[in-house]
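The values are calculated or read from the model by the stated rules, or taken from the named source; none is laboratory data. Quick caveat: nothing in here was measured; it's all calculated off a predicted structure. With ideal geometry, Cβ positions are generated from the backbone for all residues, glycine too; neighbour counts draw on all protein chains shown.
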Ligand SMILES: Nc1ncnc2c1ncn2[C@@H]1O[C@H](COP(=O)(O)OP(=O)(O)OP(=O)(O)O)[C@@H](O)[C@H]1O
Ligand SMILES: [Mg+2]
């Protein structure tokens with residue numbers, strides 16, 4: 001059974017169709033990379049998975065259970081964590097308070113910050129009292145990933161975590177994703193526009209174009225050129 005399975009999803013914004021019959025699966029302990037140019041529907045798919053958008057057709061399943069009708073709060077409680085594009089750190093809350101926003105999805109007895117988030121991102125432990133808005137872009141991205149991990153999710157969904165981030169922190173993010181994959185407790189869905197970063201980490205690759213999945217397969221078996229054709233303008 002897949003950690004996450006999206007099948008045949010159609011999503012509209014008003015009259016405009018943004019997703020057309022999109023299907024993909026994410027397995028526990030694996031990285032599924034979703035690639036595609038600007039505006040093809042990547043974020044729309046993620047918002048459908050986390051429950052901010054409801055598909056007109058198709059379904060979303062978490063460990064086999066149909067969650068298509070559940071609200072995003074319920075999905076978060078069941079184990080879907082989201083690292084949004086642009087990070088969406090609360091600028092006026094401290095780093096510690098930003099991390100603790102994840103507690104809302106946890107039972108009372110489990111509301112502790114896992115030590116591993118500070119092992120993965122040591123810089124955060126030195127900045128717990130700083131305001132989120134005072135962090136650099138890279139630090140905010142690390143905070144957004146750490147915040148998602150606070151809920152100990154079954155599936156983590158990351159929307160372009162390397163966008164506008166300096167190379168040294170991109171490396172840290174890559175290392176974190178590899179660690180999570182090897183630990184084998186969650187499925188990872190990574191949206192990217194940068195082929196090299198995605199290709200290094202991915203077990204499976206899906207490429208989206210104009211609301212449809214146009215390439216799908218095991219990372220090592222797909223031709224790089226065929227993928228890149230859908231990424232370069
Ligand atoms: N709230 C909205 N209302 C109407 N149209 C929208 C809305 N959000 C996105 N769209 C449109 O839906 C399409 C897909 O957008 P989406 O944000 O999913 O693309 P994306 O692949 O994430 O792009 P990017 O790489 O730039 O983040 C685009 O044509 C976009 O203009
Ligand atoms: Mg997007």
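Tabulated data
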item	result
All positions within the range 188-218 that are buried (at least 18 other Cβ atoms within 10 Å of the Cβ) and either out of contact with any strand residue (DSSP E or B) (no Cβ under 8 Å at 6 or more places or on another chain) or more than 23 Å from residue 86 (Cβ to Cβ) (or both)	197, 199, 204, 205, 213
Among residues of the range 87-113, those that are in a helix (DSSP H, G or I) and either closer than 19 Å to residue 50 by Cα or modelled with pLDDT of 95 or more (or both), counted	11
Single residue of 35, 19, 45 found to be within 13 Å of ligand 2 (Cβ to nearest atom) and out of contact with any helix residue (DSSP H, G or I) (no Cβ under 7 Å at 6 or more places or on another chain)	45
Residues within the range 48-60 that are out of contact with any helix residue (DSSP H, G or I) (no Cβ under 7 Å at 6 or more places or on another chain) and outside any strand (DSSP E or B), tallied	4
Helices (runs of 4 or more DSSP H) lying entirely in the range 153-233 (those with 3 or more residues that are in contact (Cβ under 8 Å) with a residue 12 or more places away in the chain and within 19 Å of the chain's Cα centre (by Cα))	167-183, 195-201
Of the criteria (1) assigned to a loop (DSSP other than H, G, I, E, B); (2) within 13 Å of ligand 2 (Cβ to nearest atom); (3) in contact with a helix residue (DSSP H, G or I) (Cβ under 6 Å, 6 or more places away or on another chain); (4) farther than 27 Å from residue 130 by Cα, which one residue 40 fails	(3)
Index of the failed condition, residue 178 passing every other in (1) at pLDDT below 95; (2) surrounded by fewer than 21 Cβ atoms within 10 Å (Cβ to Cβ)	(1)
Complete set of residues in the range 19-71 that are near ligand 1 (Cβ under 9 Å from one of its atoms) and over 13 Å from the mean Cα position of the chain (by Cα)	19, 36, 37, 38, 39, 40, 41, 53
The range 29-49 residues that are under 10 Å from residue 208 (Cα atoms), paired with ones that are within 10 Å of ligand 2 (Cβ to nearest atom) and part of a helix (DSSP H, G or I) (beta carbon under 6 Å, 6 or more apart)	34/42; 36/42
Breaking point among (1) on the phi < 0 side of the Ramachandran plot; (2) surrounded by 21 or more Cβ atoms within 10 Å (Cβ to Cβ); (3) within 14 Å of ligand 1 (Cβ to nearest atom), for residue 87	(1)
